[in-house]
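Enquirer: The structure follows.
The values are calculated or read from the model by the stated rules, or taken from the named source; none is laboratory data. All values derive from a computational prediction rather than experimental measurement. No Cβ is skipped: glycine too gets one built from the backbone with ideal geometry, and neighbour counts run over all protein chains shown. Just so you know, the surface numbers come from the protein's heavy atoms only, side chains and all, with ligands and any DNA or RNA stripped out. Shrake-Rupley method; radii C 1.70, N 1.55, O 1.52, S 1.80 Å.
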Amino acid sequence: MSFELLEKEIIETGLCQGCGLCAGSCKHIQMDILRPTLKDFCILERNGQDCGKCYQDCPQVIQKKFKQKQPKAIYSLRSKNPEILAKAANGGVVTTLAKELLDTQSLAEIVMVQDTDDKPEADTVSDPDDVVNKAGVVYGRSGVLQKLVDLVGKTFEPVGIVGVPCEMRGAAELEEEMNREILKIGLFCNSQMRTEHTDRGLACSPCCNGCPSGVNAQGYISLIRQGKYQDAVDLIREANPLPSICGRICTNECEHGCTLIGNDHPVAIRELKKFVTEWEIKQDIKSKSKSTIKTKKNAKKVAIIGAGPAGLTAGYFLRGMGYVPTIFEKTDQTGGMLRFGVPQFRLPNYVLDYDVNMIKNSGVEIVLNKPLGPEMTLDDLKNDGFEAIFIATGQYKPRTLHLEGEELPNVHVAITFLMDRKYRYWENNEEFKDKTVGIIGGGPVAVDVAQTALRLGAAKVHLVDIMTEEQLELVLKEIPENELEFMEYHFTTSTSKITQNTDGNLVLNSYKIEWGSPDENGKRPINKVKDSEYEIVTNSIVIAVGQAVDFDQIDAATENKLEKEHNKIKVNEISFETNIPGVFAGGDIINNSKAVAIAAIAHGKEAAFSIDRYLKGEDLMEGRYLQNRMFFTGPKKPPKDYSPKPETLEEATQEIAWSFEEIEHQFNEDMALQEARRCLSCNNFCSHCQDFPAIYSDITAGEVGSEKGYTTIVAWTDKGKEILDDAINKGLFEEGKVNEEVINEAINLKSKRELLTFEKTPRQQVLDYITLQGPTTISNMAKNLNLEATKVRYEALRLTQLMQVEMNVDPEMDEPIFSLICE
């Protein structure tokens, strides 16, 4: 059992969770970017000595079936420390306990994850103030076990550890092996317990958690690594039926939480999706072009309004459930704003057409030139047999700032500008030759306008936005450097009016602004900077400040019955049902929409699940929860790092070429495999682990079973209960109500998972043979186990040294007899 076996079965298959226990138990192993690597050599491979400790100690190898354990007590607590509560995800109990244990010197040091430059890092803490100052991080793969191993090797003072269930088990084994008392504070499994309609009870990696539609990025990257490209695309489609599109224009929020950040660049997940979906397109797999989904007898009909990403997604999932969905699209083409608003150099038509055709071929009917309105109302649809309706018409109405001068010639609005030039640019491909274009707005749509203008000959583009450079970092990062050179951003700048000078040029009359302090509602006022006015002279101006919903037709079709909020349709943000029973809505048309394709896809998927429940007469809300990642919750904070592109790909995008061909080149196979190998396959093991409540801990904490703002605390040992009771008596916490039924439901859901099985090692085979067959010899075991006699002899002698079997010599026998030790 050399390091090679650990590498083969655990590390390379993505089961390693980076706990560092192996590195702590062997001086020849070190952790490198959260993975165990050989520092110099394995003693088996170098000297023929087989200790097998790295393999035997691995928590993933020695999986233990979950056993019911009766807790000593269960509490619902919230810290009374306001500084801790300000940083806490819920009740701040773990931080408060850690601080108290260090304050009272009950512990000399505690190993826990700390906030280091906005990144979670394992650290050994002895200062109580550091516990608070560096609190507020999300636990995951962090290496706390390795830190614990180092700590117990240096001190005999009382120590503790905070970690997730698998780390608690490793700590318990370390405690027993080293005969040390270690206070273990566990956390409920953070592998994201979800509903049957999202992950079907599976664990979810950080990248999956970051995706609004819950795409299993870790899973499909693992398949890419194995060369199973079609399986990878199929896995993506389980959560997202528009994978080729998202490989181009997704906001790749999945990468922002990559575990590698802080140790290495995040994995280029979007580029890998682009590689594998392009591979499928090139294969032209005909078997995928025919629907294999059978329509249920007397299947119910569902009407979907709009063939954008939300509508297409809802249709795809409803068809997969056996319903008969029909999408009604008001224009003559599918895709919505993906078709009309996104330039071809970012999203080529063949990519959009491929994904749409896959959905049509699954059996989804799409009717073009059929708008919702006076000619097709909700009542008309119900009379035609449609039993549920999903509205996803998007936003097509241009929004302006109502500035003086907006009516002047050569002043455009972004949506019209882009639609006209996406399909008619060849009629005047030098429309802006050597001219200057001004854009009011600096977001993604404004960038699309700027890049389009440059391809039509513009020499310079000015973008005016009230946001700061930091707030627009995510947008700027997507612009190729060689194109950004022709764009000038005017950050924290507003425009008062548009005028025309004597030369006939258009002028943006602009001024600098400052953001004021937030009011009681969190809104920050915009203040004009005194004497900061200046002019930007241009030949054309485009207003790119977003679109609005055109409710004229919708109101006519619904008799003005739909409830609205902030000029959007108001929906239940869990079920996506409107105030009209059986009528659902999603995408850009609903309140708090994120206004990005992947969020609209998520809306369509969740709405499909709701419609399924509605048509079955089931509760739309039971077992579901609000998924904030699908909605706008404020400006997105830029990640600490971005995924890199291999040097060859960077070079491919450096040469400037003003054409409407796709900007970005793609990974070749070698590049894709190289990038996929960087993935740590986070939480792969968590899909099989059964221990939700961290039963090997003294104390476990989590939010399940408590009201918002409180932490559920379970005491598993007398020591844990004593610590908690003492803290409560000191007045450190206020108590809430515990819902034990919810806790037990989460425990039971996870405890039913199947454990992984590994091929037995030679040592385990020898031990199992002796256990089952009784006293035996080396030659007998070698013959029946089909192993070399020298290997069997070595394993049997090692088992004897470990006091698991005993060896007896019979003078009448040619070889010793091995049997189990009888106590």
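Enquirer: What does the highest-first list of 430-443, 265-278 look like by mean Cβ count within 10 Å?
Expert: 265-278, 430-443
Enquirer: Give the shape of segment 412-514 as rounded, prolate or oblate, defined through the alpha-carbon gyration tensor: a ≥ b ≥ c are the square roots of its eigenvalues, a/c under 1.5 means rounded, and otherwise the shape is prolate if a/b is larger than b/c and oblate if not.
Expert: Oblate.
Enquirer: First measure r as the distance between the Cβ atoms of residue 74 and residue 176, then evaluate 1/(1 + (r/R0)^6) with R0 = 25 Å and state the FRET efficiency to the nearest 0.05.
Expert: 0.45
Enquirer: Then there is this: May I ask for the angle, rounded to the nearest 10°, between helix 718-729 and the longest principal axis of the chain, with both axes built from Cα atoms and the value confined to 0 to 90°?
Expert: Its long axis makes an angle of about 50 degrees.
Enquirer: I need the Kirkwood Rh of the chain: take the reciprocal of the average 1/r across all distinct C-alpha pairs and report it in angstrom.
Expert: 30.2
Enquirer: Another question, if that's okay. Between 0 and 90 degrees, rounded to the nearest ten: what's the tilt of helix 444-455 against the longest Cα principal axis of the chain?
Expert: Its long axis makes an angle of about 60 degrees.
Enquirer: Using the structure shown, list the pairs from 273/370; 274/637; 282/370; 27/791; 87/605 with a Cα-Cα distance above 29 Å, or answer none.
Expert: 273/370; 282/370; 87/605
Enquirer: With labels modelled as points extended 7 Å from the Cα through the Cβ direction, what inter-label distance (nm, one decimal) is found for residue 806 paired with residue 534?
Expert: About 9.1 nm separates the two model spin labels.
Enquirer: Taking the Cα centre as origin and putting +1 on Lys and Arg beta-carbons and -1 on Asp and Glu beta-carbons, what dipole magnitude results for the chain, to the nearest 20 debye?
Expert: Roughly 1920 debye for the chain.
Enquirer: Follow-up. Place a point 7 Å from the Cα of residue 626 along the Cα-to-Cβ direction; which residues of segment 708-723 have their backbone N under 15 Å from it?
Expert: 708-710
Enquirer: Please report the relative contact order for the chain, taking Cα pairs under 8 Å with a sequence separation of at least 6, and give it as a percent rounded to a whole number.
Expert: 16
Enquirer: Per residue, how many Å² of accessible area does the chain show with a 1.4 Å probe?
Expert: Counting only protein heavy atoms, the per-residue value for the chain is 46 Å².
Enquirer: Extension gain residue 283-residue 361, at 0.36 nm per residue separation less the Cα-Cα distance, in nm?
Expert: 26.4 nm
Enquirer: Take the Cβ-Cβ distance between residue 708 and residue 370 as r, set R0 to 56 Å, and report the resulting FRET efficiency rounded to the nearest 0.05.
Expert: Computed FRET efficiency for residue 708 and residue 370 comes out at 0.80.
Enquirer: Give me the percent of accessible area attributable to carbon and sulfur for the chain, probe 1.4 angstrom.
Expert: Carbon-and-sulfur percentage of accessible area, whole number: 47.
Enquirer: Additional query: Can you order the peptides 251-259, 801-809, 737-745 by their average number of other Cβ atoms within 10 Å per residue, highest first?
Expert: So the order, starting with the most tightly packed, is 251-259, 737-745, 801-809.
Enquirer: Now, a different point. At residue 739 and residue 401, where each label point lies 7 Å from the Cα along Cα→Cβ, what is the point-to-point distance in nanometres?
Expert: 4.7
Enquirer: Between residue 331 and residue 408, take the C-beta separation as r, use R0 = 30 Å, and let me know the FRET efficiency to the nearest 0.05.
Expert: The value I calculate is 0.55.
Enquirer: Here is a further query. Report the extension gain between residue 674 and residue 477 in nm, rounded to one decimal, defined as 0.36 nm multiplied by the number of residues separating them, less their alpha carbon distance.
Expert: 68.6 nm
Enquirer: By how many nm would the segment from residue 574 to residue 8 lengthen if fully extended, with 0.36 nm per residue of separation less the alpha-carbon distance?
Expert: Net length gain for the segment: 199.5 nm.
Enquirer: Continuing with this model, one more query. Taking Rh as the Kirkwood radius computed over C-alpha pairs, what is the Stokes-Einstein D of segment 314-469 at 37 °C in a medium of viscosity 0.692 mPa s, expressed in µm² per second?
Expert: It comes out at roughly 180 µm²/s.
Enquirer: Per-residue HN-Hα couplings for segment 158-170, Karplus 6.51 cos²θ - 1.76 cosθ + 1.60 at θ = phi - 60°, whole Hz, x for Gly and Pro?
Expert: Those phi angles translate into x, 10, x, 8, 10, x, 7, x, 5, 6, 5, 5, x Hz.
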